[in-house]
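Below is one structure; the comments refer to it alone.
The values are calculated or read from the model by the stated rules, or taken from the named source; none is laboratory data. In this text the structure is predicted, and so the values were computed from the model without any measurement. All Cβ positions, glycine included, derive from the backbone under ideal geometry; neighbour counts span all protein chains shown. Calculation scope for accessible area: heavy atoms of the full protein, side chains included, ligands and nucleic acids excluded. Shrake-Rupley method; radii C 1.70, N 1.55, O 1.52, S 1.80 Å.
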Amino acid sequence: MTDFLQNCIDGVMIGSSYALLALGFTIIFGVMRRLNLSFGPTIMLGAFGGAWLYLHFNINPWLVLLACIVFTVAAGVYVERLCFNAIKRNVAITSMVSSFVIWMQLEEIAIHILPDRTSPFPPLFASLSFEAGPFYVRSEYLFMFAVAVAAVFAVERILHRTWFGLRLRAVAEDPRAAAYMGINAGRVSVYAFVLVSVLGAVAGYLILAADQQVTPFFGLWATFKGLIAMMLGGMGSLPGAIIGGLLLGVIETQSLWYFGNEYKDLAAYLVLFLMLIARPGGIMGQRLVERRRLAFRRV
């Protein structure tokens, strides 16, 4: 039982990083009804930019974080202008395909920045362990968990308590009606991608700072983890993104302990498969699925 509880604690701490990634996917897909497959590579490019500055100029870890945010935001705005702003809303599948193409482009740029297979990444602070009886928690994962909780509250407040959030939800619901109300959909889309890029940059930095290394496979890894966590928690639900990320972390740690590393990802995919059968909308998104189903019946 002690091992099981310790695995749950580790899973929640690790899952907080997945939750941060899922938040970005939730805002773009759940709120704006678009799927940005290049979100993970965008984070990776920002991380590579920060790592390059660290290796060549040995800058402070906090400046590395700032550099990651700047590079990720620049890459995110580039993706938005090329894949989403230039393509009409009613052909969203084209935006998804074009974002996959940009994925390849961003990976090539990152590989040219740091051609080594693995590059060092600076930790934010010295790793410590907090113990309570037989259980312990690493300081970097505890900090990541706190950031994830704070992020979901901040995003929730931005979306429902600010003029930007009102405009964003209006554009997502009906772009034509929003335009009649004087809302600039293009500007709102850029700001949304800036918000998502900042979240992604912070998530990427915290994950890599805990691992203290970065590889060209990080973009693919971040995309898979963020999408799975979003689908488990419920597409379009910000609390669902947190729940999905934490659940994914617990599933992986328990599978790793009881079955081995080769079954860790398989267990996560199996749970996702069963979830999509039982609750297609995820843990927190089933109500949205039922609402759309009833609307379709009315039509």
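Among residues that are open to solvent by less than 20 Å² (accessible area, probe 1.4 Å) and at pLDDT below 90, GLY233 is included.
Matching residues to (1) of a type in the set (Phe, Trp, Tyr); (2) buried (at least 24 other Cβ atoms within 10 Å of the Cβ); (3) in a loop (DSSP other than H, G, I, E, B):
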{"position": "GLY182", "(1), (2), (3)": "no, no, yes"}
{"position": "LEU195", "(1), (2), (3)": "no, no, no"}
{"position": "TRP221", "(1), (2), (3)": "yes, no, no"}
{"position": "GLY226", "(1), (2), (3)": "no, yes, no"}
{"position": "ILE277", "(1), (2), (3)": "no, no, no"}
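So which of GLY200, GLY240 ends up being in a helix (DSSP H, G or I), in contact with a Phe, Trp or Tyr (Cβ under 7 Å, 6 or more places away or on another chain) and either closer than 24 Å to MET144 by Cα or open to solvent by 10 Å² or more (accessible area, probe 1.4 Å) (or both)?
GLY200
Here is a yes/no grid of residues against (1) modelled with pLDDT of 90 or more; (2) not in a helix (DSSP H, G or I):
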| residue | (1), (2) |
| --- | --- |
| PRO123 | no, yes |
| GLU156 | no, no |
| ALA170 | no, no |
| ALA209 | yes, no |
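Considering segment 17-37, and only residues there that are among the hydroxyl-bearing types (Ser, Thr, Tyr) and at pLDDT below 90, the residue that is farthest from GLY133 (Cα to Cα) turns out to be THR26. Is it true that some residue in segment 253-270 is of a type in the set (Val, Ile, Thr) and either in contact with a Leu (Cβ under 8 Å, 6 or more places away or on another chain) or surrounded by fewer than 18 Cβ atoms within 10 Å (Cβ to Cβ) (or both)? Scanning segment 253-270, I find no residue that is of a type in the set (Val, Ile, Thr) and either in contact with a Leu (Cβ under 8 Å, 6 or more places away or on another chain) or surrounded by fewer than 18 Cβ atoms within 10 Å (Cβ to Cβ) (or both), so the answer is no. Screening ALA177 against (1) open to solvent by less than 10 Å² (accessible area, probe 1.4 Å); (2) without any contact (Cβ under 8 Å) to a residue 24 or more places away in the chain leaves a single unmet condition, (1). What about GLU156, is it surrounded by fewer than 15 Cβ atoms within 10 Å (Cβ to Cβ) and in contact (Cβ under 8 Å) with a residue 24 or more places away in the chain? For GLU156, the condition - surrounded by fewer than 15 Cβ atoms within 10 Å (Cβ to Cβ) and in contact (Cβ under 8 Å) with a residue 24 or more places away in the chain - is met. With CYS8, CYS83 as the choices, which residue is within 30 Å of SER255 (Cβ to Cβ) and over 15 Å from the mean Cα position of the chain (by Cα)? Of the residues listed, the single one that is within 30 Å of SER255 (Cβ to Cβ) and over 15 Å from the mean Cα position of the chain (by Cα) is CYS8.
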